[in-house]
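What follows is calculated from the coordinates using simple rules that are stated; it is not laboratory data. Note that the coordinates shown come from a computational prediction; the quantities given were computed from them, not determined experimentally. For neighbour counting, all protein chains shown are included, and Cβ atoms are generated from backbone atoms with ideal geometry for every residue, glycine included.
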Amino acid sequence: MPYTYRCESCAVTAPRRTTAPDAKADRREHRAAAHYGLAPDGDAVLETTGWASTVLRATAGGIAEAVRKSAQKPRSREEPPEHWRQAVLLLAVGVGVLVLLGMLVRAVTGT
């Protein structure tokens with residue numbers, strides 16, 4: 001796996017090296033030249049990934065983000081099945097017909 005030395009305080013990155021000791025040698029040279037041998041905050045030897053692992057990590061991160069967002073969405077109430085809607089409508093019409101029939105019987109009989 002390739003390695004890279006990065007100094008955040010100077011905003012510089014050394015070329016990619018094939019081994020960690022080579023990248024650490026870049027770090028020693030940079031510290032001696034730019035920081036008088038001191039260790040600045042934010043300098044590190046980083047493992048540099050290739051394009052394939054970068055694509056795979058980005059894809060996995062995207063999938064994880066999509067799953068996280070879908071889990072946070074409130075679930076919508078499902079519509080009742082069509083037969084229940086029809087049964088409620090039929091019941092309401094039947095009650096209305098019975099009320100009208102009762103009013104008609106009262107009007108005819110006069111009670």
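Structural remarks
- Within the chain, the longest segment free of exposed loop sites, counting trypsin sites (Lys or Arg not before Pro) that fall outside DSSP classes H, G, I, E and B and have at most 14 other Cβ atoms within 10 Å, spans 17-74.
- Note on the chain: GNM, Cα springs under 10 Å; of Gly61, Gly96, Gly37, the largest mean-square fluctuation is that of Gly96.
- For the chain, built as a Gaussian network whose Cα springs stay under 10 Å, the top-fluctuating residue of Glu47, Glu29, Glu79: Glu79
- In plain terms, the chain from Met103 to Ala11 could stretch by 24.2 nm, reckoned as 0.36 nm per residue minus the Cα-Cα distance.
- Dipole orientation for the chain: of the candidates Tyr3, Thr54, Ala64, Ala64 has the Cα lying most toward the positive pole (charges on Cβ; Lys, Arg +1; Asp, Glu -1).
- Along each principal axis, taking the top coordinate minus the bottom one, the Cα set of the range 8-50 gives 31, 17, 13 Å in descending order.
- For the chain, alpha-carbon Rg relative to the globular expectation (2.2 N^0.38 Å, N residues): 2.85
- For Val55 and Thr4, a Förster radius of 30 Å and the Cβ-Cβ distance give a FRET efficiency of 0.95, rounded to the nearest 0.05.
- Other residues lying with their Cβ under 14 Å from the Cβ of Gly37 contribute a combined charge of +1, Lys and Arg counting +1, Asp and Glu -1.
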